[in-house]
Amino acid sequence: MTRQRYPETFKIEAVKQVTERGRPVADVARALGVSSHSLYAWLKQYGKPTDQQHEESALQAEIRRLKAELRQVTEEPQHFKGGRRVLCQRVKERYAFITSRLDRYSVVALCQTLGVHRSGFYAWLKQPASPRQQEDERLTRLVKQSWLESGAVYGYRKIHRDLRDLGEACGKHRVAKLMKREGLRSQTGYQRRKGHYGGKSMQTAPNTLARQFKVPAPNISWVTDITYIRTQEGWLYLAVVLDLFSRQIVGWAMKSRMTADLAVDALLMAVWRRKPKQPVLVHSDQGSQFTGGEWQDFLKAHNLSCSMSRRGNCHDNAVAESFFQLLKRERIKRRIYATRDEARSDVFDYIEMFYNPIRRHGSNDGLSPVEFERQFIFQQQSV
């Protein structure tokens with residue numbers, strides 16, 4: 001079997017998952033589908049010097065101390081998010097809310113904000129919980145764990161699937177009720193910014209894909225597109241290649257300028273990782289990055305067929321658009337990036353550590369893209 005190749009940017013971001021985010025090598029390697037040996041080699045090549053790591057650890061510890069002092073000074077007068085809704089509920093429900101927030105706020109601040117007496121709260125704490133309450137508390141911990149592991153984006157349906165996979169027997173409505181009580185919400189959509197994307201095309205192609213977004217196997221049809229990410233340094237442009245079979249992102253590239261090689265680099269990663277043995281249909285819009293000679297030459301050199309959306313019709317490339325909406329809704333719109341490098345690392349984390357290996361997808365019967373393909377390959381080998 002031919003060994004997979006990865007671009008340098010992929011290796012650097014993989015190393016950052018270990019050196020900057022503190023994830024175990026085995027976990028990162030498993031999520032990325034690479035061997036631990038390869039990741040250790042990348043760490044040796046791209047890892048930071050030990051003294052620099054120590055300096056960063058000291059800085060992070062200082063930041064934590066400053067945040068703790070700031071929280072001590074500012075938490076008393078603030079009305080924390082979610083408190084107003086609880087003010088309209090019964091006293092016992094306010095007590096339950098206080099219990100769920102003790103990791104972030106003091107009892108004094110919580111009781112004062114919610115209008116209850118500390119003595120009443122402490123008396124309530126001493127009361128034995130009913131079996132139903134105990135079960136709700138246990139399920140709530142599992143619900144929170146699933147919600148946090150999703151990056152705080154899952155709604156009650158996906159969390160219910162997670163609980164069901166763990167062998168828990170509870171209904172969707174109970175999960176929804178527990179989430180509402182804890183103030184856990186899924187991320188909802190946003191409206192894309194309107195704009196004019198004019199300009200003359202060069203080498204266009206017919207819409208061969210024709211919105212056939214369901215395909216029977218991997219490496220039959222890929223879709224690609226480019227989006228922009230705002231940072232305090234300026235724009236960062238992201239190109240992705242998505243396999244329509246599992247909705248897996250098989251290639252990506254990020255640059256500070258929207259150039260033709262941005263799209264080609266993403267497609268090159270897809271070819272390196274997938275190594276298709278048959279011609280693949282690659283669908284894009286009619287942007288200049290896809291109608292230029294560099295893109296067309298790459299397609300021909302790698303036995304890839306070209307398909308393009310009709311001009312001005314974004315629905316012809318709806319799956320790629322949908323992924324960008326997910327990315328922005330679940331990650332980008334919830335961050336402020338100081339630098340392009342910070343944004344690049346976070347996008348890598350979303351795609352390679354969450355979306356591909358973990359995030360449940362409705363088109364995959366609730367399975368992640370990686371798991372959906374794994375089960376398909378297993379079934380094919382069993383026949």
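Only the coordinates and a few stated rules stand behind these numbers; no lab work does. Keep in mind the model is a prediction, meaning the values are calculated, not measured. Neighbour counts run over all protein chains shown; Cβ positions are idealised from the backbone, glycine included.
Within segment 131-182, the proportion of Cα pairs with more than 16 Å between them is 27 percent.
Near the amide H of Leu367, within less than 5 Å, lie the amide hydrogens of His361, all on another chain or at least 5 residues away, with H placed in the peptide plane.
Taken one residue at a time, the phi angles of segment 287-297 give Karplus couplings (6.51, -1.76, 1.60, θ = phi - 60°) of x, 4, 5, 9, 9, x, x, 4, 5, 5, 5 Hz. Gly and Pro are set to x.
Amide hydrogen proximity for Thr231: with H placed 1.01 Å from N in the peptide plane, the residues at 5 or more positions away or on another chain lying under 5 Å are Leu236.
For Ser345, the shell of other residues with beta-carbons less than 9 Å away shows a net charge of -3, using +1 for Lys and Arg and -1 for Asp and Glu.
In a fully extended conformation the segment linking Lys214 and Ser38 would gain 59.9 nm over its present Cα-Cα distance, using 0.36 nm per residue. Think of each Lys and Arg Cβ as +1 and each Asp and Glu Cβ as -1; about the Cα centre, that makes the dipole of segment 131-182 roughly 260 debye. For the Cα trace of segment 285-326, dividing Rg by the Kirkwood Rh returns an Rg/Rh value of 1.03. Straightening the chain between Ser119 and Arg257 buys 43.6 nm, computed as 0.36 nm per residue apart minus the Cα-Cα spacing.
Amide H contacts under 5 Å for Val280: Ser305, restricted to partners 5 or more places along the chain or on a different chain, H placed in the peptide plane at 1.01 Å from N.
The phi-based Karplus calculation (6.51 cos²θ - 1.76 cosθ + 1.60; θ = phi - 60°) puts the 3J(HN,Hα) values of segment 215-229 at 10, x, 7, x, 6, 9, 9, 10, 10, 9, 6, 10, 9, 10, 10 Hz, whole numbers, x for Gly and Pro.
For segment 221-382, the Kirkwood hydrodynamic radius from C-alpha pairs, put into Stokes-Einstein at 37 °C and a viscosity of 0.692 mPa s, yields a diffusion coefficient of 201 µm² per second.
Between Gln278 and Thr99, the distance separating the two model label sites (each 7 Å from Cα on the Cα→Cβ line) works out to 5.7 nm. Put a dot 7 Å past the Cα of Gln375, heading toward its Cβ, do the same for Thr19, and the two dots end up 3.8 nm apart.
For segment 33-45, 3J(HN,Hα) computed residue by residue from phi via the Karplus equation (6.51, -1.76, 1.60; θ = phi - 60°) reads x, 10, 7, 4, 4, 5, 5, 5, 5, 5, 4, 5, 7 Hz, glycine and proline entered as x.
A 25 angstrom limit on the alpha carbon distance is what I want to check against. Which of Lys92/Lys144; Lys277/Lys328; Lys158/Lys328; Lys214/Lys275; Lys180/Lys333 exceed it?
Lys277/Lys328
Simple point charges give the picture: +1 on the Cβ of Lys and Arg, -1 on the Cβ of Asp and Glu, and for segment 245-328 a dipole about the Cα centre of about 260 debye.
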